[in-house]
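Engineer: One structure is given below, represented as structure tokens, and several questions about it will come after.
The values are calculated or read from the model by the stated rules, or taken from the named source; none is laboratory data. These figures come from a predicted structure and were not determined experimentally. Neighbour counts are summed over all protein chains in view; Cβ atoms, including those assigned to glycine, are modelled from backbone coordinates with ideal geometry. Just the protein is used for accessible areas: all its heavy atoms, side chains included, with ligands, DNA and RNA removed. Shrake-Rupley method; radii C 1.70, N 1.55, O 1.52, S 1.80 Å.
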Amino acid sequence: MAHTTRKPATRKPVPTVRAKRSPRRRPTRRVLVLVATRKGAWLLHGDAARKTWRVDGPHFLGHIVNHLVLDPRDGRTLLAAAKTGHLGPTIFRSTDLGRTWKEATRPPAFAKAADGPDTKKSGRAVDHTFWLTPCHANEPNAWYAGTSPQGLFRSNDGGVTWEPFSIINDDPQYRAWMGTVQDGTPDGPKMHSIIVDPRDPAHLYFAMSGGGVHETLDRGRTWTPLVKGMEVVEGFDAVNIAFHDPHCVRLCPSNPDRLYQQNHCGIYRLDRPSSEWTRIGKNMPKQVGDIGFPMVLHPRDADTAWVFPMDGTTVWPRTSPEGKPCVYVTHNGGKRWQRLDTGLPKSQAWWTVKRQAMTADVQDPVGLYFGTTSGELWMSRDEGQRWTCIARNLPEIYAVEAVEAG
Amino acid sequence: MKVLIPSSLRSYTKEREVEASGATLLELLADLDRHYPGLKFRVVNEQDRMRGHMRFFVNSEQVFDLTHALRPTDEVYLLQALSGG
């Protein structure tokens with residue numbers, strides 16, 4: 001507890017651009033879609049029109065790959081967070097867009113507990129690395145990783161070696177907020193949504209399922225919970241940070257003072273310097289609700305965001321509502337939402353989309369991509385107006401990233 | 001001593017059977033890791049606890065204690081347990 005702070009964020013306010021889109025950029029590079037699944041990873045290379053896709057894979061067949069991420073600072077380094085059903089977790093690294101891979105020599109791992117029968121038992125062990133985030137553009141070769149159970153790690157050598165980062169892995173208050181394995185998601189509690197402010201490498205956010213959203217202004221020396229306005233499951237006390245379950249938090253590329261969040265209990269928006277989230281999901285149709293996992297933002301328009309609703313009623317089926325998959329978009333920061341399901345199955349489609357499995361490219365019009373729990377990869381070339389399945393019969397898809405490479 | 005390597009770890013050793021030494025199973029793993037970097041962390045975690053589905057047999061007896069003493073003539077099987085599904 002001694003290392004945490006509850007001081008409100010005091011970043012200098014910067015001019016915001018909310019309603020206007022940033023200047024359109026000409027697409028000059030082709031899109032590469034990185035697909036991480038329960039049984040390996042695949043790379044889909046698109047043509048200039050994003051109509052045909054060359055499939056490269058499987059990579060790491062049989063490995064559970066939770067995240068596959070390209071380093072935007074060099075356009076060719078890939079990191080894959082992997083484990084198998086039997087073997088422990090590791091990080092694989094490629095510096096040639098997946099042609100060859102090398103394993104990290106020191107993957108993310110918690111500090112070893114002191115010797116002794118009790119301390120040994122209490123020492124935590126990384127079950128899997130769940131989330132990878134390249135650090136700031138001015139910090140080449142530096143990466144952050146979030147693990148299950150919740151832990152924050154950093155590499156300064158391009159993912160070859162990793163060290164625990166910041167105070168939170170061992171801080172008693174943060175350990176309490178992280179809860180136990182039983183408090184987390186079905187396959188383990190997770191650290192995710194590690195976000196670096198593009199204006200300031202010392203300004204970071206992360207989220208934990210469970211354990212809330214947190215912010216640092218001093219490169220992880222101190223952290224502040226950022227949960228005001230977020231709701232929790234009925235019957236629990238929202239004052240307790242441990243009960244908050246953000247599913248996915250994203251920072252607007254065109255306005256770093258705006259964040260969106262898909263939470264276990266709704267969809268939210270936060271405009272800094274305020275520290276109070278607004279539940280914009282209340283404006284979704286009642287029969288669909290505002291539960292889900294992914295949150296996708298427009299690369300140039302801070303008022304436009306997409307979500308993929310999920311059935312979070314009764315026993316939490318975690319399927320598309322009524323078996324009818326759909327994307328919803330807002331063009332005004334969440335005041336109104338519009339259904340986008342042209343091309344998607346009209347009935348009896350009981351899959352859903354996990355928190356890392358939906359994304360956008362930066363082309364114009366924006367391409368959207370999502371991978372399903374049933375192993376289908378869908379995309380839209382027109383910002384969600386029409387959807388096409390571009391790959392099927394893959395394993396359960398855990399993560400999808402759309403990048404420009406080459 | 002002779003150590004049998006499961007198929008899931010042969011990307012490290014390239015061999016079904018390798019030679020390694022150590023006075024305990026933990027020391028044996030450390031020796032294996034020196035020759036095949038990365039192997040140990042796939043088998044035991046950072047608290048020196050066995051991964052959930054990995055098993056050691058020493059002279060055909062299952063051993064759970066990683067401080068178990070070894071003799072140079074012991075035969076060690078490192079196996080991945082049946083985990084169903």
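Engineer: Since A:Ser347 meets every condition but one in (1) open to solvent by less than 20 Å² (accessible area, probe 1.4 Å); (2) over 25 Å from A:Leu132 (Cβ atoms); (3) of a type in the set (Gly, Ala, Ser), which condition does it not meet?
Structural biologist: Failed condition: (1).
Engineer: Among (1) open to solvent by 10 Å² or more (accessible area, probe 1.4 Å); (2) in a loop (DSSP other than H, G, I, E, B); (3) within 24 Å of A:Leu68 (Cα to Cα), which single condition is A:Val366 missing?
Structural biologist: Only one criterion in (1) open to solvent by 10 Å² or more (accessible area, probe 1.4 Å); (2) in a loop (DSSP other than H, G, I, E, B); (3) within 24 Å of A:Leu68 (Cα to Cα) is unmet by A:Val366, namely (1).
Engineer: When you scan the range A:350-358, do you find a residue that is polar (S, T, N, Q), more than 28 Å from A:Gly62 (Cβ to Cβ) and in a loop (DSSP other than H, G, I, E, B), even just one?
Structural biologist: Checked the range A:350-358: no residue is polar (S, T, N, Q), more than 28 Å from A:Gly62 (Cβ to Cβ) and in a loop (DSSP other than H, G, I, E, B).
Engineer: Can you pull out the residues in the range A:190-200 that are in a strand (DSSP E or B) and farther than 11 Å from A:Leu251 by Cα? Even if it seems obvious, please write down each step before you answer.
Structural biologist: Within the range A:190-200, the subset in a strand (DSSP E or B) is A:190-197, A:200.
A:Lys190, A:Met191, A:His192, A:Asp200, listed by residue number.
Engineer: If you check A:Leu97, A:Leu61, A:Leu32, which single one turns out to be farther than 18 Å from A:Gly375 by Cβ and not in a strand (DSSP E or B)?
Structural biologist: Numbers: A:Leu61 fails: farther than 18 Å from A:Gly375 by Cβ; A:Leu32 fails: not in a strand (DSSP E or B).
A:Leu97 is the lone residue from the list that is farther than 18 Å from A:Gly375 by Cβ and not in a strand (DSSP E or B).
Engineer: Let me ask something else about it. For the range A:158-179, check the following and say yes or no: at least one residue is in contact with a helix residue (DSSP H, G or I) (Cβ under 6 Å, 6 or more places away or on another chain) and open to solvent by 10 Å² or more (accessible area, probe 1.4 Å).
Structural biologist: Applying the first criterion (in contact with a helix residue (DSSP H, G or I) (Cβ under 6 Å, 6 or more places away or on another chain)) to the range A:158-179 yields A:168, A:177, A:179.
Right, trim to open to solvent by 10 Å² or more (accessible area, probe 1.4 Å) and you get A:177, A:179.
Among the residues of the range A:158-179, at least one is in contact with a helix residue (DSSP H, G or I) (Cβ under 6 Å, 6 or more places away or on another chain) and open to solvent by 10 Å² or more (accessible area, probe 1.4 Å), which makes the answer yes.
Engineer: Shifting gears a bit: Run A:Asn138 past the list (1) open to solvent by 10 Å² or more (accessible area, probe 1.4 Å); (2) more than 14 Å from chain B (Cβ to nearest Cβ); (3) out of contact with any Pro (no Cβ under 9 Å at 6 or more places or on another chain); (4) of a type in the set (S, T, N, Q) and report the number of the one that doesn't hold.
Structural biologist: A:Asn138 satisfies every listed condition except (3).
Engineer: A further question follows. What about A:Gly88, is it farther than 19 Å from A:Glu215 by Cα, crowded, with 20+ Cβ neighbours inside 10 Å and within 14 Å of another protein chain (Cβ to nearest Cβ)? Write out each step before concluding.
Structural biologist: Numbers: farther than 19 Å from A:Glu215 by Cα: yes; crowded, with 20+ Cβ neighbours inside 10 Å: yes; within 14 Å of another protein chain (Cβ to nearest Cβ): yes.
So A:Gly88 passes the test.
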